[in-house]
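For reference, the structure discussed in these notes is given below.
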Protein chains: 4
Amino acid sequence: MRKRDDRGTVADYIPELSRVDPAQFGIAVIDEAGEIAAAGDCDIPFSVQSITKVFTLTLALGMVGDRLWQRVGREPSGSPFNSIVQLENERGIPRNPFINAGAIAVTDLILSGHQPREALGEILRFVQFLADDPTIHIDKAVAASEQRTGFRNRALANYMRSFGVIDNPVDFTLGVYFHHCAIAMSCRQLAMAGRFLAHGGIHPNTGRSVVHPERARRINALMLTCGHYDGSGDFAYRVGLPGKSGVGGGILAIAPGKATIAVWAPGLDAAGNSHLGRIALEKLTKRLGWSIFGA
Amino acid sequence: MRKRDDRGTVADYIPELSRVDPAQFGIAVIDEAGEIAAAGDCDIPFSVQSITKVFTLTLALGMVGDRLWQRVGREPSGSPFNSIVQLENERGIPRNPFINAGAIAVTDLILSGHQPREALGEILRFVQFLADDPTIHIDKAVAASEQRTGFRNRALANYMRSFGVIDNPVDFTLGVYFHHCAIAMSCRQLAMAGRFLAHGGIHPNTGRSVVHPERARRINALMLTCGHYDGSGDFAYRVGLPGKSGVGGGILAIAPGKATIAVWAPGLDAAGNSHLGRIALEKLTKRLGWSIFGA
Amino acid sequence: MRKRDDRGTVADYIPELSRVDPAQFGIAVIDEAGEIAAAGDCDIPFSVQSITKVFTLTLALGMVGDRLWQRVGREPSGSPFNSIVQLENERGIPRNPFINAGAIAVTDLILSGHQPREALGEILRFVQFLADDPTIHIDKAVAASEQRTGFRNRALANYMRSFGVIDNPVDFTLGVYFHHCAIAMSCRQLAMAGRFLAHGGIHPNTGRSVVHPERARRINALMLTCGHYDGSGDFAYRVGLPGKSGVGGGILAIAPGKATIAVWAPGLDAAGNSHLGRIALEKLTKRLGWSIFGA
Amino acid sequence: MRKRDDRGTVADYIPELSRVDPAQFGIAVIDEAGEIAAAGDCDIPFSVQSITKVFTLTLALGMVGDRLWQRVGREPSGSPFNSIVQLENERGIPRNPFINAGAIAVTDLILSGHQPREALGEILRFVQFLADDPTIHIDKAVAASEQRTGFRNRALANYMRSFGVIDNPVDFTLGVYFHHCAIAMSCRQLAMAGRFLAHGGIHPNTGRSVVHPERARRINALMLTCGHYDGSGDFAYRVGLPGKSGVGGGILAIAPGKATIAVWAPGLDAAGNSHLGRIALEKLTKRLGWSIFGA
């Protein structure tokens, strides 16, 4: 895999990310028993970016419950990750929690009643808890880089604010958003953090319930239909697992009842998803018969 | 279930369908062993409408293979079933084979090189073969009704023709399309016809391979992401199974490796999917733990 | 002018039009007193195409009055001449009578209660009357060419039919539409036909009132805001006269109280308007101080 | 006019404007000779809002010339005044200088190389010069009100910034924009300020040339095609004069070579233009035969 020529393009809209070496490739698989298989650059932390949207959604659902769905939809968008057209047509309600607008609205719910610093701390501690690793941190250079350049996200947030979909000051909400997207994790950490989704909402390391089994299933369903922006249909078609990608080149995939897989390769395809990451998952799932769509 | 008050609205855009009694409700489940559980109006044939799109897609893939994807996409549309906006933005290529435009393009591929009557015969025989029932027929009154009133589908077809996405005379392609949508099946017949998708492409009744296992998985994936128009995300979230709805009020759902389920209740929700049908599937799947997204 | 290199591109979406020699150029100006100045290929008939929309609008307003505006809007479209997106967003009501959809809806109003042949005869006689020239005819090869290939217009018409904006059988309405677009006129004839718009609704040749002065002004206003598709703003900015273009390369411009100008050069710009025609009008209007926007 | 019942709705999206008494009505007409006819509340200053876009466009064209058109288009938008959809489809380039996005981009050009305070001073002095009245001022309460609530304009500005259509810090550009929109003028002052547009770019009071005659014509053309947002076509159809409206309820109309007219009535129609103001202009223009589209 590391020899492939066509690796896609490293994200350049966040300047700090454009400096990442595109030749890196890592993967980690953790099965039901907790056995870990990992290879390549599986211990190098990378910017997980949109993959945190899975964790912030989980956290927000725990805080506000199904009231969340008054502010965010559950349908695939049929548009790029940063599109604003849909918001104008649907009165500022983002289509789902995994496009940028939706994740900003979810962040705003987490923020409500807190200071940005507290909210961000809560998110980070939740991710550390899920990954069972208190060393996970936020890459401040990446967060600062997006703070300086994230005009399109600022447009999305102000637009939602004009419809009352966002309550807090836009700068506060975006501050938390940019920082939690800048969490750095290795494939190994990421695969660990996703285990509760593969195992009925229970985190196998601790035996503690993170979410109700039904909620875990539903988050998986959202990952399947909306987890890869306007490439979600293709990912489901090829890989056949719920997954969430980030423009840092990572993908977290869930094989319910079987395993979690985290893969990282910085080059992105046209839809903004890791090119080699998707190919690796396609091959792996096929070989192991892990597709949720049949043997 | 038959006592529920809020049953949604019977489709009225095809005049013939608006005459159906909305109080009817039927369901049939066929498990891996071939055991059938059926209830209610499970033997009354209804107009399957868009559910045939699953079978025409299967047939067309068998005829032209992956070349089909040059004419049709694989992404959820983010738009109603009969939207034309997306076509203008994407040079006449429909987003997926399960919105009307996509299914018309698929029908056009099946038609190529044949007379409409031959193509239609082939589709009908394929459905009869899948359901193992040669009595399945086309409801000509429904087909004629849509022939007279299907202006929006005629717009879609002419629009695609202007981009060269459709090759045959529009009236020929639409004639075949309107007729195969007018196939009438009962829940029992429909659950039978879908069995190859639950069992790795092999039809359990005959043991014959209908499609390669990978293709069966991929069709299931498309049903999951695109099978309920702009309600696909919600169906995945609530039911957690690949499914395809029709405006006649039917839904075919696939529990891979476990069972097929066909349900019928004519009242539709705002997205054009059977309202009670979806609720029934949600309850059933939850009770039986059949969600593909985890236990 | 005939030596200019960059002449734009001859319309190719109607096969018959693509055979026209792009090197032709004609112009005719008729002032208030009826004096004619003409040059170049001013006596060669060309396919006026969308320019007839001015005449069919005038005719339809005479037949149904302001009731027409229940079916057609009066706003610039912000879209290409053959866009269908706007129709979906506005329940099938075309934005104005000069985009294709609008002109088809206007044609449908003229057709109501008549046979296509009668309606077409009425339109042709009206144009002959306006141009004071009974030899004006329809180019049947052009009409037939568009009948065979006008899939996009067929899509527009069926789409509007699905919303009840068109009453007659789509083939009838389009038959009349394709034929009146295929009227062939020379610059001299066209400049003559437009005189009632420059002179308060009265045709100077005969002294007969064609329309009320207010209606003439209003048709001019529509030509100014909507007469050049998505290049209308630019035409107003550069030329400063009400005008209507056709993909045959003709433009009819009105200098109220002063003159009519017809120009013809087959090469089109990106918005579908005659490239050299617009430049010629810009130079002429500037030199003569005819802009309606000031000396 | 002051007795009319249906006065439309006072703008409520800027809180400060929603407190204006909707029963007010003023008008001022200044003819070529400088004779002033004024009536009603013609001396009460109101928030001119978008009408300043005419003056900032004039100023910016004087500063950067036709280079301005690299950042802003010249076509009607076919969308509401604050739409963002068009920006996504056209890479951040607003359709014309009179929708909000376009006026923000024009403001950004004026700002370049200056401090916000300087740029704002320059705009205010230009308007004072045009109106020949140094008492004209900015209503700081209105500016502050929009600063607090203008989320949608903030979205537009950030969106354009993401495409590089805006150069300066968004808060600077919007600060200048919100403040110049908050200039307060009476009908009498406004009619005076517009006189250069009616008289070939020369300001009759001073005899000084404000812009080249061609530029004055072109600004008039833009006002005609784009001056009333998505009601521009209707205004041209009914009134037949170049005009620019503001959500404060004012309209400035230009009768080239004849007069300027300023009218004010706070109630707005669905497109955001003064309802009674438009009706008054329609009646006046008709009686006086001032339509640019013919006698």
Exception for C:Asn158 within (1) facing another protein chain (nearest Cβ under 10 Å); (2) among the polar types (S, T, N, Q); (3) part of a loop (DSSP other than H, G, I, E, B) falls at (3)
Only one of A:Ala184, A:Ala105 is small (Gly, Ala, Ser) and in a helix (DSSP H, G or I), namely A:Ala105
Within the stretch C:241-260, restricting to residues that are among the aliphatic types (A, V, I, L, M) and more than 16 Å from C:Cys42 (Cβ to Cβ), the one that is nearest to the chain's Cα centre (by Cα) is C:Val247
Here the residues within the stretch A:98-147 that are more than 23 Å from A:Leu17 (Cβ to Cβ) and aromatic (Phe, Trp, Tyr) are A:Phe126, A:Phe129
Those residues of the stretch C:254-274 that are within 14 Å of chain D (Cβ to nearest Cβ) and either basic (Lys, Arg) or under 23 Å from C:Ile14 (Cβ atoms) (or both) come to a total of 6
Taking the stretch B:1-52 and keeping residues within 26 Å of B:Ser145 (Cβ to Cβ), loosely packed, with under 14 Cβ neighbours inside 10 Å and touching a residue at least 40 places away in the same chain (Cβ under 8 Å) leaves B:Asp21, B:Asp43
A:Asp230 being in contact (Cβ under 8 Å) with a residue 24 or more places away in the chain and either within 17 Å of B:Gly240 (Cα to Cα) or within 7 Å of chain B (Cβ to nearest Cβ) (or both): yes
When the stretch B:35-66 is checked residue by residue, the ones that are within 14 Å of another protein chain (Cβ to nearest Cβ) and either touching an Asp or Glu at 6+ places or on another chain (Cβ under 6 Å) or outside any helix (DSSP H, G or I) (or both) are none
With criteria (1) free of Cβ contacts under 8 Å to residues at least 24 places away in the same chain; (2) of a type in the set (Phe, Trp, Tyr); (3) crowded, with 22+ Cβ neighbours inside 10 Å, B:Trp69 comes up short on (3)
Restricted to the stretch D:97-113 and to residues being at pLDDT below 95 and more than 22 Å from A:Phe163 (Cβ to Cβ), the residue surrounded by the most Cβ atoms within 10 Å (Cβ to Cβ) is D:Ser112
Being among the basic types (Lys, Arg) and either modelled with pLDDT of 95 or more or under 18 Å from the mean Cα position of the chain (by Cα) (or both) narrows D:Arg208, D:Arg217, D:Arg152 down to just D:Arg217
B:Trp69 meets each of (1) within 14 Å of chain A (Cβ to nearest Cβ); (2) under 26 Å from B:Glu16 (Cβ atoms); (3) part of a helix (DSSP H, G or I); (4) not charged (D, E, K, R) with one exception, condition (2)
Any residue at all in the stretch D:127-135 that's surrounded by fewer than 24 Cβ atoms within 10 Å (Cβ to Cβ), at positive phi and over 16 Å from the mean Cα position of the chain (by Cα)? yes
Margin query: Just to be sure before I move on: is C:Ser18 under 26 Å from C:Asn220 (Cα atoms), assigned to a helix (DSSP H, G or I) and among the hydroxyl-bearing types (Ser, Thr, Tyr) in the structure I sent?
Written below: no
Taking the stretch C:200-214 and keeping residues at the interface with chain D (Cβ under 10 Å from one of its Cβ atoms) and either out of contact with any Pro (no Cβ under 8 Å at 6 or more places or on another chain) or more than 24 Å from D:Leu241 (Cβ to Cβ) (or both) leaves C:Pro213, C:Glu214
Within the stretch B:72-99, of all residues that are β-branched (Val, Ile, Thr) and not in a helix (DSSP H, G or I), the one nearest to B:Val176 (Cα to Cα) is B:Ile99
Q.
Can you confirm whether B:Gln147 is at pLDDT below 95 and either part of a helix (DSSP H, G or I) or more than 17 Å from B:Asn100 (Cα to Cα) (or both)?
A. yes
Taking the stretch C:167-181 and keeping only residues that are in a helix (DSSP H, G or I) and either of a type in the set (S, T, N, Q) or within 22 Å of C:Ala39 (Cα to Cα) (or both), one is left with C:Thr173
Result of the Cβ filter at 7 Å on the stretch A:84-97, keeping first residues that are within 14 Å of chain D (Cβ to nearest Cβ) and partners that are crowded, with 24+ Cβ neighbours inside 10 Å and of a type in the set (D, E, K, R), at least 6 apart or interchain, is A:Gln86/A:Arg95
- Take D:Asp21 and decide whether it is under 23 Å from D:Cys226 (Cα atoms), acidic (Asp, Glu) and out of contact with any helix residue (DSSP H, G or I) (no Cβ under 6 Å at 6 or more places or on another chain). no
Those residues of the stretch D:275-295 which are crowded, with 21+ Cβ neighbours inside 10 Å, more than 10 Å from chain C (Cβ to nearest Cβ) and touching a Phe, Trp or Tyr at 6+ places or on another chain (Cβ under 9 Å) amount to D:Leu276, D:Gly277, D:Arg278, D:Ala280, D:Leu281
If you go through the stretch B:233-244 one residue at a time, do you hit one that is in contact with a Lys or Arg (Cβ under 7 Å, 6 or more places away or on another chain), buried (at least 24 other Cβ atoms within 10 Å of the Cβ), in contact (Cβ under 8 Å) with a residue 40 or more places away in the chain and more than 21 Å from B:Glu75 (Cβ to Cβ)?
-> no
Checked against (1) of a type in the set (Lys, Arg); (2) in contact with a strand residue (DSSP E or B) (Cβ under 9 Å, 6 or more places away or on another chain); (3) modelled with pLDDT under 95, B:Lys53 satisfies every condition except (3)
Inside the stretch D:220-231, the number of residues satisfying the requirement of being closer than 20 Å to D:Lys283 by Cβ and more than 13 Å from the chain's Cα centre (by Cα) is 1
Practice prompt. Please verify whether the stretch A:93-106 includes one or more residues that are under 24 Å from B:Gln86 (Cβ atoms) and over 19 Å from the mean Cα position of the chain (by Cα).
Written response: yes
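The values are calculated or read from the model by the stated rules, or taken from the named source; none is laboratory data. Fair warning: this is a prediction, and the values are worked out from it, not measured in the lab. Every residue, glycine as well, gets a Cβ built from its backbone with ideal geometry; the counts of neighbours run over all protein chains shown.
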